[in-house]
Amino acid sequence: NRAFTVAIDGPAAAGKGTVARALAAHFGFTHLDTGLLYRATGLRTLDGTDPVEAAKTLKAKDLEQDDLLRTPDVAQAASRVAALPEVRAALVDFQRAFARRSGGAVLDGRDIGTVICPDADVKLYVTASDEIRAQRRHNELVNKGHEVTLDEVAADLRSRDARDSARATAPLKPAADAVELDTSRMSIDEAVAAAIAETERRI
Ligand code: C5P
C-alpha cells in the first residue's frame, strides 16, 4: 500500500529541482528536495556540531532557510557529511515516510531511485554538460545576490560530483531502470514536458 512515487536523481545543478517542482505542481504531488537535508546537516557542522548528531536532530525548521542553505560553502559541507554512512542512515526514514504520502510524491537527490525508493514508479536521471550546469548555477546565485565567479561555481560542482560519485555508500549513479534526461539543449519547458510525458506513461 504505497503512493505513486517519482524519483529524480542526477549531478549538481542539472535541473532536478526545477523539473521536480514543476512535475509535482502539474500532478498535484508533494515534493521533497532531499539535498536540503544534507545541506541543513552540513550547515550545522560548520560551527563544530558532530555531523551524525546534526542529522539525527534535524528539524523541519532547519530546512526553511533557503538562501543560507544554497551557498557553495554549505553545498561543500553537505557533500562531505553525505559521504558518512551514519548521516545517510539517520535521514532514510524521513525520506521514505515522505514518499509514502498518499496523493503522490516527487523526491529529488542522488540516491532516490537506487536506495531510498528503489520501487519508484518513475525514475529520471537528469543530466546536463559540465559547462551548462556551471553557467545555470552561476546565474542563479548571481541573481540571488551572491558574489561568486563562474570558475568558483564550476569548481564546486566538479568537486561535489567527484565526491558524490566516488563514495562507498549510496553513490551518485543512475538506477538500472532510470530514464536519462539530458537537459543541455532543452529549455525548462521542454525538460518539464519530457518529465511529464514519462510520468504520464506510468500513471
Ligand atoms: O541536491 P543538492 O545539490 O542540494 O545536494 C547537496 C549535496 O547533498 C550533494 O552534493 C550530495 O553530496 C548530497 N546529497 C546526497 N543525497 C541526496 C541529495 C543530496 O548525498 N539524495
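Loop-located GluC sites (Glu not before Pro) in region 104-203 (DSSP state other than H, G, I, E, B) with a sparse environment of at most 14 neighbouring Cβ atoms within 10 Å: GLU147. Rolling a 1.4 Å probe over the protein chains gives HIS138 an accessible area of about 40 Å². Over region 37-113, accessible surface divided per residue gives 47 Å², non-protein components excluded, 1.4 Å probe.
For region 106-154, the list of trypsin sites (Lys or Arg not before Pro) that fall in a loop by DSSP and count at most 16 other C-beta atoms within 10 angstrom reads LYS144.
Each Cα pair under 8 Å and six or more residues apart adds its separation to the average, and for region 50-142 the resulting relative contact order is 23 percent.
Surface composition of the chain: carbon plus sulfur atoms contribute 51% of the solvent-accessible area (1.4 Å probe, protein chains only, all chains present).
The orientation-averaged shadow of the Cα convex hull for region 1-95, equal to a quarter of the hull surface, comes to 6.7 nm². Mean separation of Cα pairs under 8 Å and 6 or more residues apart, divided by the residue count, gives region 62-203 a relative contact order of 31 percent.
Computed over region 1-116, relative contact order equals 49 percent, with contacts defined as Cα pairs under 8 Å that lie 6+ residues apart.
The values are calculated or read from the model by the stated rules, or taken from the named source; none is laboratory data. This one's a predicted model, so the numbers in the text were calculated from it and none came from an experiment. A quick note on method: Cβ atoms are made from the backbone with ideal geometry, for glycine too, and the neighbour counts reach across all protein chains shown. We work out accessible area using only protein heavy atoms, side chains counted, and drop any ligands, DNA or RNA first. Shrake-Rupley method; radii C 1.70, N 1.55, O 1.52, S 1.80 Å.
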